[in-house]
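> The structure's right below; bear with me while I get my questions together.
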Amino acid sequence: GENVGLHLPTLSVQEGDNSIINCAYSNSASDYFIWYKQESGKGPQFIIDIRSNMDKRQGQRVTVLLNKTVKHLSLQIAATQPGDSAVYFCAERAFNAGKSTFGDGTTLTVKP
Amino acid sequence: NAGVTQTPKFQVLKTGQSMTLQCAQDMNHEYMSWYRQDPGMGLRLIHYSVGAGITDQGEVPNGYNVSRSTTEDFPLRLLSAAPSQTSVYFCASSYSHRDEQFFGPGTRLTVL
């Protein structure tokens, strides 16, 4: 089946540094991508999304980059804070698919 | 709005017992889905629904049934619980399968 995965299962950064979390996907029909944040004991929460007609999208302190040529997605968090510590998932959907596919997640730990 | 609600929060079952996990949303979302999340892993889709009266299987549907008689509710039934079904279950909803999903707080299920 199609695969959506993350390059690194864990990432540790110093408070105030920028974080980059990566995701690779293999379904060339995917045209909608979402990043979710999951804090311990809670359900995933939407962070930012991007559609395939865009290369970059910015939110508050977060930026998502999409490289369709190499099927790669990244989430950049600026000035990482302790509250950013969580598991981050990427998810993708194809236009004709009725469901999302989630990657395994990257655990981000922010050191004070 | 209450968003997506799930009950119960915790449940312990014996092998062979049946039960229903409840999920409700008050956002008038057409799309609803059920995921399971095992320790250290991502989300795997069990069943989903694109609207009242319409359901379809995800990647791990065996041992689970769903129905969608109303837009608001999407219960998940375990027919005969097995230890392999020990997991955290998340319900999610969205306007359509092309939009971000809103997740409930999860049900932690243990099958002995």
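> Give me a count of the residues in the stretch B:8-35 that are outside any loop (DSSP other than H, G, I, E, B) and open to solvent by 80 Å² or more (accessible area, probe 1.4 Å). Walk me through how you get there before you give the answer.
Here is the first cut: in the stretch B:8-35, the residues outside any loop (DSSP other than H, G, I, E, B) are B:10-13, B:19-25, B:31-35.
Next, from what is left, pick out any that are open to solvent by 80 Å² or more (accessible area, probe 1.4 Å): B:10, B:12, B:22.
The qualifying residues number 3.
> Right, another one. A:K99 is checked against (1) within 14 Å of chain B (Cβ to nearest Cβ); (2) at positive phi and fails just one. What number does that condition carry?
(2)
> Also, I was wondering about something else. Condition (residue is within 19 Å of B:G106 (Cβ to Cβ) and assigned to a strand (DSSP E or B)) applied to the stretch A:47-67: is it met by at least one residue?
Yes, the stretch A:47-67 has at least one match.
> Let me ask something else. Could you count how many residues in the stretch B:36-49 are assigned to a strand (DSSP E or B) and either touching an Asp or Glu at 6+ places or on another chain (Cβ under 6 Å) or closer than 12 Å to B:A92 by Cα (or both)?
The qualifying residues number 8.
> Restricting the search to the stretch B:81-104, which residues are open to solvent by less than 20 Å² (accessible area, probe 1.4 Å), within 11 Å of chain A (Cβ to nearest Cβ) and over 11 Å from the mean Cα position of the chain (by Cα)?
Once the filter is applied, which keeps residues that are open to solvent by less than 20 Å² (accessible area, probe 1.4 Å), within 11 Å of chain A (Cβ to nearest Cβ) and over 11 Å from the mean Cα position of the chain (by Cα), the stretch B:81-104 yields B:S94, B:Q101.
> Just one of (1) under 26 Å from B:H47 (Cα atoms); (2) more than 9 Å from every other protein chain (Cβ to nearest Cβ) trips up A:A91, so point out which.
(2)
> Here's another thing I want to ask about it. Of the residues A:G16, A:G59, A:G98, A:G103, which single one is free of Cβ contacts under 8 Å to residues at least 12 places away in the same chain and open to solvent by less than 80 Å² (accessible area, probe 1.4 Å)? Don't jump to the end; show me each part of the working.
Working: A:G16 fails: free of Cβ contacts under 8 Å to residues at least 12 places away in the same chain; A:G59 fails: free of Cβ contacts under 8 Å to residues at least 12 places away in the same chain; A:G103 fails: free of Cβ contacts under 8 Å to residues at least 12 places away in the same chain.
Going through A:G16, A:G59, A:G98, A:G103 in turn, the sole match is A:G98.
> Another question, then. Return the residue satisfying two criteria in turn: it lies in the stretch B:36-57 and is more than 7 Å from every other protein chain (Cβ to nearest Cβ) and aliphatic (A, V, I, L, M), and of such residues it is least open to solvent (accessible area, probe 1.4 Å).
Result: B:I46.
The values are calculated or read from the model by the stated rules, or taken from the named source; none is laboratory data. Bear in mind the structure is a predicted one, so any value in this text is a computation, not a measurement. Positions of Cβ are generated from backbone atoms using ideal geometry, with glycine treated the same way; all protein chains shown enter the neighbour counts. Calculation scope for accessible area: heavy atoms of the full protein, side chains included, ligands and nucleic acids excluded. Shrake-Rupley method; radii C 1.70, N 1.55, O 1.52, S 1.80 Å.
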